[in-house]
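First the structure, in the form of structure tokens, and then the observations on it.
The values are calculated or read from the model by the stated rules, or taken from the named source; none is laboratory data. Every value quoted in this text rests on a predicted model; they were computed, and no experiment measured them. Because the Cβ atoms are built from the backbone with ideal geometry, glycine has one as well, and the counts that use them run over all protein chains shown. The protein model used for the area step is the full one, side chains on, heavy atoms only, and it has no ligands, DNA or RNA in it. Shrake-Rupley method; radii C 1.70, N 1.55, O 1.52, S 1.80 Å.
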Amino acid sequence: MISFISKECDIQIKLSPTSLATLNKFRQTGLKKEAGGLLFAKELESNIVEIEYVTTPTKFDWRSRFGFRPNKREAQNLINENFKRGLYYVGDWHSHPQISPVPSDQDMETIKDIFCKSTHSLNYVIMLILGTTSDISKSYVTLTDGKDNYCCNFKTQD
Ligand SMILES: [Zn+2]
């Protein structure tokens with residue numbers, strides 16, 4: 001199982017094979033539109049989070065080549081439904097048409113906003129930006145505690 005590890009903040013984020021397979025379908029190759037969804041974990045330990053399940057775009061989301069805006073009500077429904085089956089909402093993902101995604105200023109605002117305005121189960125929320133290659137280590141992972149603290153220095157490990 002692939003892990004994103006940050007030594008700096010002693011956090012390990014694992015991606016289940018199923019989650020990885022789902023994400024892979026939405027890599028923005030060719031002229032595909034941006035995609036995105038929610039990240040869910042089964043068990044929560046303070047510094048190890050295993051992403052067990054990821055959702056995919058719903059028909060209510062707004063999607064373009066360079067933008068993705070989830071429908072908030074639909075996202076809340078997904079959070080509630082998954083909670084009932086023992087899965088905790090821990091963050092969001094979206095795709096970029098870049099090999100090594102760079103978060104936009106808007107992305108950094110969005111993740112802070114998510115932290116402040118949603119109910120989540122960790123002291124932080126995770127944001128994963130999916131790149132165009134199947135090499136997930138090129139994708140971008142960050143997390144925030146809702147203040148100006150970001151932890152971005154993640155490296156992957158098998
Ligand atoms: Zn973005």
If I build a Gaussian network model for the chain, linking alpha-carbon pairs within less than 10 angstrom, which residue out of S134, S64, S16 has the largest mean-square fluctuation? S64
Between E50, E81, E34, where does the largest GNM mean-square fluctuation fall for the chain, given springs only between Cα atoms within less than 10 Å? E81
Cα-based reach from K7 at 29 Å (exclusive), listing lysines while leaving out same-chain residues under 8 positions away: K42, K112, K117, K138, K147, K155
Would you please give the residues with an amide H less than 5 Å from that of I48, counting only those at least 5 places away or on a separate chain, with H modeled from the backbone geometry? Q12
With all pairs of different alpha carbon atoms counted, what Kirkwood hydrodynamic radius in Å does region 2-157 show? 15.4 Å
List, in order, the whole-Hz ³J(HN,Hα) value for each residue of region 31-45 obtained from phi through the Karplus relation with A = 6.51, B = -1.76, C = 1.60 and θ = phi - 60°; use x for Gly and Pro. 10, 4, 7, 4, 10, x, x, 10, 10, 10, 10, 8, 10, 10, 10
Can you list which of the trypsin sites (Lys or Arg not before Pro) found in region 50-104 are DSSP loop residues with at most 16 other C-beta atoms within 10 Å? K59, R65, R85
Leaving ligands, DNA and RNA out of it, rank F68, F4 by accessible area with a 1.4 Å probe, largest first. F68, F4
Quick one: ranking C116, C9, C151 by accessible area, 1.4 Å probe, largest first, what do you get? C116, C9, C151
Partnerless cysteines, meaning none of the other Cys C-beta atoms lie under 4.7 Å away, in the chain: C116, C152
Per GNM of the chain with C-alpha springs under 10 angstrom, the most fluctuating residue out of D135, D105, D113 is D105
For the chain, give the share of DSSP beta bridges that are antiparallel, in percent and rounded to the nearest 5; count only bridges with both residues there. 75 percent
